[in-house]
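This report refers to the structure that appears directly beneath it.
The values are calculated or read from the model by the stated rules, or taken from the named source; none is laboratory data. None of these values were measured; they are calculated from a predicted model. As a convention, Cβ positions derive from the backbone with ideal geometry for all residues, glycine included, and neighbour counts pool all protein chains shown. Accessible surface areas use protein heavy atoms only, side chains included; no ligands, DNA or RNA. Shrake-Rupley method; radii C 1.70, N 1.55, O 1.52, S 1.80 Å.
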Amino acid sequence: METKKKKGIVLDHISKIYQDPKTKKEFYAVNDVSLNIEPGEFVTLLGPSGCGKTTTLRMIAGFESPDIGEIYLGEEKINEKTPDKRDTAMMFQNYALFPHMNVFDNVAYGLKLRGFKKDEIREKVFAILDLVELKGMENRMTNQLSGGQQQRVALARALVVQPSVLLFDEPLSNLDANLRVQMRTEIRRIQQEVGSTAVYVTHDQSEAMSISDKIVVMNKGVIAQMGTPTEIYYRPASEFVASFIGEANYLRGTLISLDGENGVIEVLGRQIEAFCHQDKNPGDDAALMLRPESVTLGDEGALPARVVLSCFMGAYQNYHVMVGDNLIKITDYNPKGKKIYAVGDQAWLRFNPSDGTIL
Amino acid sequence: MEAKTVTPQDYRSQSKKLDRKKFWNDPILIAMIVIMVFFLTLFIVYPLVMLLSEALRSSDGHFTLDTIKETLNYVTFKTAFFNTLKLGLIVGVTSTVVGMLFAYIDVYVKTKTKILAGLFNVVATMPVVSPPFVLSLSLIMLFGRTGFITKSLFGLRTSGIYGLTGLIIVQTLTFFPVCYLTFKGLLKNIDPSIEEAARDIGASRMKVFTSVTLPLMLPGIGNAFLVTFIESIADFANPMIIGGNYDTLATSIYLQITGSLNKNIASAMALFLLLLTMALFLLQKYWLERKATATLTGKAARGRILIEDKGVRIPLSILAGAVSIFVIGLYVLIPIGSLFNLWGYDYSLTFKWYEYTFASGGAKQYTDSITLALISAPITSLMSMLIAWMVVKKKFALKGYIELVSMMAMAVPGIVLGIAYIRGFVTGVFHVAELFPRGQAPFWTLQGLYGTGALVVLVFIVRSLPVGTRNGIAALRQIDKSIEEAATDLGANSGKVFTSITLPLIKDSFISGLITSFVRSITAISAVILLVNPRVNLITYQISESANKGYYGAACAAATILILIVYAAILLLQIFTKYFGTSRYIKREE
Ligand SMILES: Nc1ncnc2c1ncn2[C@@H]1O[C@H](COP(=O)(O)OP(=O)(O)O)[C@@H](O)[C@H]1O
Ligand SMILES: [Mg+2]
């Protein structure tokens, strides 16, 4: 499949204001969102339900108009263009397949509108059905397909027109867990094969982690953080982000000093040096965020801990320990041969401070 | 971070501006809007406005309230006005009661056989497929001056059936099936456990009905009552045939016009009739319809324990069965009546009335009726789907206007529309044709429309548009908006989305709109009776003429043929939907 010239997307200080249907109050569904998506990049908008992900996506597609800000596709401003004139293709949460057409006609729809000849259309449709592994299904009506197959028809329908931008609105949320894992790898593979820029909306953090070049975490209409999956996971910008992406432990204390990205936090009388974002000042209340798998227990270490739960899970030993007032959850992988602590034991918390982030 | 909640007003202006720009980038939608607004304005709003202006204008063209005052003091008007209200109220009540009885038996009472259900079904569908006045015809043939029962069986020369009594019977029997179907739907939605709870704490069946069921249904009852009330007030054909001296507004207006009496007074009377139906319609639409849907939501969770008690079951079944058989008998009487030499005098069999209907008007009345109805049906159905689509799926400034006008048209009585068309088009739009020498008015004055089949087609369209639009809206609400968005997103413009996605998805609704509008058109009389002329003849007009002249055989023969045409059309529809309909692949809620 040949690829065409890729285009990036720029959102320049975009806001969207809606009126709450009940209270009649206006509110920012999307608030001052700026994004620069490189051509061919796979970017995920991640956040809890109602945080404005879909609205952002629909503004890119052209179904909603931003109240503030400008949207660019490549070099071109597209604010005034209707959705049918924008070179985007969207995959909807409920697939939105055309129920009166069979698989072939569903996929061919966009090509017909672009005036391709009959045999070209056949060729392209068959190629894309091959890619999404739906060969031989072209004459089925869409209600004769399983959820996963419908989802792939929707994907094929969007891909076949080779849009500059692919938009996904929680495309996997209607599938069961196994299929979800399988499909997300497939979406990623096909996107890379086709080379379109992709914007993907989800509220599932593991989906976002596994699929994206870049994750944009949103909360209440604003961007909470933007970065690679590793950055977001290990260097969250706020407790909201830290807790939304996986489990997070907090050792609360006071920021002593800050030099560039190196902060020193005092927790229970011990000073710990770790990465710190630059929006804090010495003297502020702060917390050292540690992921459960970055922490273990030992007979000596940084901070004293009392075990309140100890549970063998097979792949790991699960502990809950109290460090001062802080409840710390620990997943200690590959526990066979290690010393196992029981409830009530005194132990020491061990971690590498560079795995933590001061928030 | 807390989302802000207060916004400077001008912030939202950008999205409004962009939406406007996007709108102007959609020429097909704009074209559709222009066409619809033009059509609705010229063929619904304009004629009615002309009616208003006639009523407020003196003969030399000045504004005056004299006509209104004169009308209000006019005895004919006053009598007709109160007659109309009285009839409407009585028929509203009787139809509601009979409809409720039928619905209650259908939903609550365990009947031994399927016969009763079958009878109910026939009774409910007959009014849809027959011309509006056949029951009057049958009733006269049974109880009129030369009626089979009155004269032939008992030798009575009575005209007691003409007038209020006959009207109440005929209108009730014509309109109650609609109430029955409405109530049936509502009763099925009542959760049986609510009533069973009342039974458990010791309430009698009657008590449960009056204290639980009835209050739950109250908005629905009010709704059905008002709908029937409006139907009765707007009815023209029945009062014309069986009304005798009992003049209603609709018949008085007709007599004013045909009797060459004061045209401005006729306009004023039509205006009052229109205001009456509009007021009732608004009351029904914006007040009761909302309440009706608010109290009854969701479907019944499980089956109802049906009443088996003989003391309830048998009398109710017999009563409803008798009414059903009587109604069906009245319909059956039509083809029977067409086969006798001279009803009331000579009951020898003959086909002469069939020959007569073709001899008197030729086949023209049939071909005209069929042709005009066939032309108007596809236009009506397509237009109503378009309007429904624009109303449900699109946002634009004139949407409210389009929605309002196409719905309000439902409340315009046929006779009022007829007069409005005469006043609006006889001398061209805004009477401009008067400025030109006789017979030389240019095309754009639209004077040429008057007296043609085209004008009749327009009336047919206007009369059926609201029903089609309402069904289209209901069908479109079931289609997820993302399906059309997906098409747009892939590059389809508005027109393409409508033809390739929307219309195929509401094909069933489109086809049934086609049939409904064909049936409504071919059985229409009140709106077109004033527009019939030697160039345009219609079956319904011929039937009512024959009936008024006492040629019952001729009337029955023509009505039988009409019913057969309608029935054939419906059969065709069923075959058509079966093979081409959408229900094959779209799940629909029951
Ligand atoms: N058309 C609309 N009118 C009013 N409020 C809306 C509209 N669409 C979305 N919203 C509101 O805007 C907020 C963001 O919605 P959305 O973008 O759909 O969130 P998400 O996709 O992240 O779950 C929600 O509070 C939602 O209720
Ligand atoms: Mg969403």
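Details
- A single entry from B:Leu137, B:Leu142 fulfils the requirement of being within 23 Å of the chain's Cα centre (by Cα) and modelled with pLDDT of 85 or more: B:Leu137.
- Filtered residues of segment A:92-119 (kept if within 9 Å of chain B (Cβ to nearest Cβ), open to solvent by less than 30 Å² (accessible area, probe 1.4 Å) and touching a strand residue (DSSP E or B) at 6+ places or on another chain (Cβ under 9 Å)): A:Phe92, A:Ala96, A:Pro99, A:Met101, A:Gly110
- For segment B:84-115, a residue qualifies if it is open to solvent by 20 Å² or more (accessible area, probe 1.4 Å) and not hydrophobic (A, V, I, L, M, F, W, C), and the qualifying residues are B:Lys86, B:Thr94, B:Tyr104, B:Asp106, B:Lys110, B:Thr111, B:Lys112, B:Thr113, B:Lys114.
- Among the residues making up segment A:43-67, those that are small (Gly, Ala, Ser) and within 10 Å of ligand 1 (Cβ to nearest atom) are A:Gly47, A:Ser49, A:Gly50, A:Gly52.
- Count - residues of segment B:1-54 that are more than 14 Å from chain A (Cβ to nearest Cβ) and modelled with pLDDT of 85 or more: 23
- Residue list for segment A:271-309, restricted to those being in a loop (DSSP other than H, G, I, E, B), in contact (Cβ under 8 Å) with a residue 60 or more places away in the chain and surrounded by fewer than 19 Cβ atoms within 10 Å (Cβ to Cβ): A:His277, A:Lys280
- Residue in segment B:505-518 that is open to solvent by less than 10 Å² (accessible area, probe 1.4 Å) and within 13 Å of another protein chain (Cβ to nearest Cβ) present: yes
- Residue within segment A:20-42 that is more than 25 Å from the chain's Cα centre (by Cα), of a type in the set (Ser, Thr, Tyr) and either within 12 Å of ligand 1 (Cβ to nearest atom) or within 11 Å of chain B (Cβ to nearest Cβ) (or both) present: yes
- Residue in segment B:462-481 that is surrounded by 18 or more Cβ atoms within 10 Å (Cβ to Cβ), free of Cβ contacts under 8 Å to residues at least 60 places away in the same chain, of a type in the set (A, V, I, L, M, F, W, C) and not in a helix (DSSP H, G or I) present: yes
- Number of the exception - B:Leu458 against (1) under 30 Å from A:Ala61 (Cα atoms); (2) open to solvent by less than 30 Å² (accessible area, probe 1.4 Å); (3) not in a loop (DSSP other than H, G, I, E, B): (1)
The rows are residues; the columns are (1) part of a loop (DSSP other than H, G, I, E, B); (2) under 23 Å from B:Gly243 (Cβ atoms).
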residue: B:Met50; (1), (2): no, no
residue: B:Ser53; (1), (2): no, no
residue: B:Gly61; (1), (2): yes, no
residue: B:Ile68; (1), (2): no, no
residue: B:Thr76; (1), (2): no, yes
residue: B:Val91; (1), (2): no, yes
residue: B:Val98; (1), (2): no, yes
residue: B:Ala117; (1), (2): no, no
residue: B:Pro127; (1), (2): no, yes
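- Residue match in segment A:259-270 (condition: in contact (Cβ under 8 Å) with a residue 40 or more places away in the chain and under 17 Å from A:Tyr234 (Cβ atoms)): yes
- Residues in segment A:197-232 that are of a type in the set (Ser, Thr, Tyr), open to solvent by 10 Å² or more (accessible area, probe 1.4 Å) and outside any helix (DSSP H, G or I): 2 in all.
- Cross-chain or 6+ apart pairs with Cβ under 6 Å, segment A:173-189 first and without any contact (Cβ under 8 Å) to a residue 40 or more places away in the chain, then open to solvent by less than 90 Å² (accessible area, probe 1.4 Å) and outside any helix (DSSP H, G or I): A:Arg180/A:Leu172; A:Met183/A:Leu172
- The condition of being more than 16 Å from the chain's Cα centre (by Cα) and open to solvent by less than 20 Å² (accessible area, probe 1.4 Å) holds for only one of A:Leu145, A:Leu172, A:Leu179, A:Leu167, that being A:Leu145.
- Residues in segment A:64-85 that are within 19 Å of B:Leu490 (Cβ to Cβ) and within 8 Å of another protein chain (Cβ to nearest Cβ) were compared, and the one that is most open to solvent (accessible area, probe 1.4 Å) is A:Lys85.
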